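**Q** Can you read through this structure? Questions will come right after.
The values are calculated or read from the model by the stated rules, or taken from the named source; none is laboratory data. Everything numeric here is computed off the predicted structure, so don't read it as measured data. Cβ placement follows ideal geometry from the backbone for every residue including glycine, while neighbour counts extend to all protein chains displayed.
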């Protein structure tokens, strides 16, 4: 039913609209993906000011009318993530994280674990330059897959259940596979497998290190899982 409501949100993307407005893609803990319009926000005297920049965590008062976009009438900053905006690597990682949420979670169905994960990722990137690394970015995507219900099977062969000799990854099967079920798969070394298991089990702040070849294999496993099961193609993590 149309009316005014309050929510917290991460600003995923901002698009210029008309002479002074912006259309915002938002992710919220209680309403999932939302579209909002901030009227007059590009004017110098706008009371919304710079609170609605992408990557910001905000509290909003919004009005839901009959159209697809809600109107933002009030915005208060929870975390502007100002520090990460001063570092190019941090901005790129944060933007990729928001893009992944935007592409993978495109419904109004709430997903609080995904929202909390994104909040944690942005806070880590804001607090530490070291967080803007490839391993940590891949750990975020893997955990996002888990929150969305697409996490790959890593403990045993996704095709037959065999718990040993897991040296390959099959996107179609949904995870690691053994030598007898490796048709249509690609090699996944022991270090890459160990990284995926550790990255899924450990908090983001404790993402395990791994050599670049292992991270490249892990990146492929995550990317092809997204493409095969969620029909989402994301830019590979650099």
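**Q** Does residue 118 satisfy the criteria of being surrounded by 22 or more Cβ atoms within 10 Å (Cβ to Cβ), within 20 Å of residue 237 (Cβ to Cβ) and in contact with a strand residue (DSSP E or B) (Cβ under 8 Å, 6 or more places away or on another chain)?
**A** The answer is yes for residue 118.
**Q** Oh, and also: Out of the stretch 70-84, which residues are surrounded by 17 or more Cβ atoms within 10 Å (Cβ to Cβ) and either out of contact with any strand residue (DSSP E or B) (no Cβ under 8 Å at 6 or more places or on another chain) or modelled with pLDDT under 95 (or both)?
**A** Once the filter is applied, which keeps residues that are surrounded by 17 or more Cβ atoms within 10 Å (Cβ to Cβ) and either out of contact with any strand residue (DSSP E or B) (no Cβ under 8 Å at 6 or more places or on another chain) or modelled with pLDDT under 95 (or both), the stretch 70-84 yields 70, 72, 75, 84.
**Q** Residues of the stretch 173-191 being within 21 Å of the chain's Cα centre (by Cα) and crowded, with 21+ Cβ neighbours inside 10 Å, which ones?
**A** 175 - this is the single residue of the stretch 173-191 that is within 21 Å of the chain's Cα centre (by Cα) and crowded, with 21+ Cβ neighbours inside 10 Å.
**Q** Please find, among 58, 41, the residue that is in a strand (DSSP E or B) and not assigned by TED's automatic domain parsing to the domain that holds residue 222.
**A** Step by step, each of 58, 41 is checked, and only 58 is in a strand (DSSP E or B) and not assigned by TED's automatic domain parsing to the domain that holds residue 222.
**Q** Still on this structure, please answer the following. Among the numbered criteria (1) over 29 Å from residue 55 (Cα atoms); (2) surrounded by fewer than 21 Cβ atoms within 10 Å (Cβ to Cβ); (3) at pLDDT 95 or above, which single criterion is violated by residue 212?
**A** For residue 212, the exception is condition (1).
**Q** Could you list, in sequence order, the residues of the stretch 1-38 that are outside any strand (DSSP E or B) and either out of contact with any helix residue (DSSP H, G or I) (no Cβ under 8 Å at 6 or more places or on another chain) or more than 13 Å from residue 62 (Cβ to Cβ) (or both)?
**A** Selection gives 1, 2, 18, 19, 20, 29, 31.
**Q** For the stretch 102-128, give me each residue that is in a loop (DSSP other than H, G, I, E, B) and over 17 Å from residue 139 (Cα atoms).
**A** 105, 106, 107, 108, 109, 110, 111
**Q** What do you reckon, is residue 134 within 14 Å of residue 90 (Cα to Cα) and either surrounded by fewer than 16 Cβ atoms within 10 Å (Cβ to Cβ) or in contact (Cβ under 8 Å) with a residue 24 or more places away in the chain (or both)?
**A** yes
**Q** Do you know which of the residues in the stretch 215-234 that are crowded, with 21+ Cβ neighbours inside 10 Å and closer than 16 Å to residue 172 by Cβ is farthest from the chain's Cα centre (by Cα)?
**A** This residue is 221.
**Q** Quick one: is residue 158 free of Cβ contacts under 8 Å to residues at least 12 places away in the same chain, in the same structural domain as residue 199 (by TED's automatic domain parsing) and more than 17 Å from residue 203 (Cα to Cα)?
**A** no
**Q** Right, something else. Only one of 168, 163 is without any contact (Cβ under 8 Å) to a residue 24 or more places away in the chain, more than 30 Å from residue 11 (Cβ to Cβ) and surrounded by 21 or more Cβ atoms within 10 Å (Cβ to Cβ); which?
**A** After ruling out the rest, the residue left standing is 168.
**Q** Search the stretch 35-67 for residues being surrounded by fewer than 16 Cβ atoms within 10 Å (Cβ to Cβ) and modelled with pLDDT of 85 or more, and hand back the single one that is farthest from the chain's Cα centre (by Cα).
**A** Within the stretch 35-67, the match that is farthest from the chain's Cα centre (by Cα) is 63.
**Q** Oh, and also: Restricting the search to the stretch 6-34, which residues are modelled with pLDDT under 95 and more than 17 Å from the chain's Cα centre (by Cα)?
**A** 15, 16, 17, 18, 19, 20, 21, 22, 23
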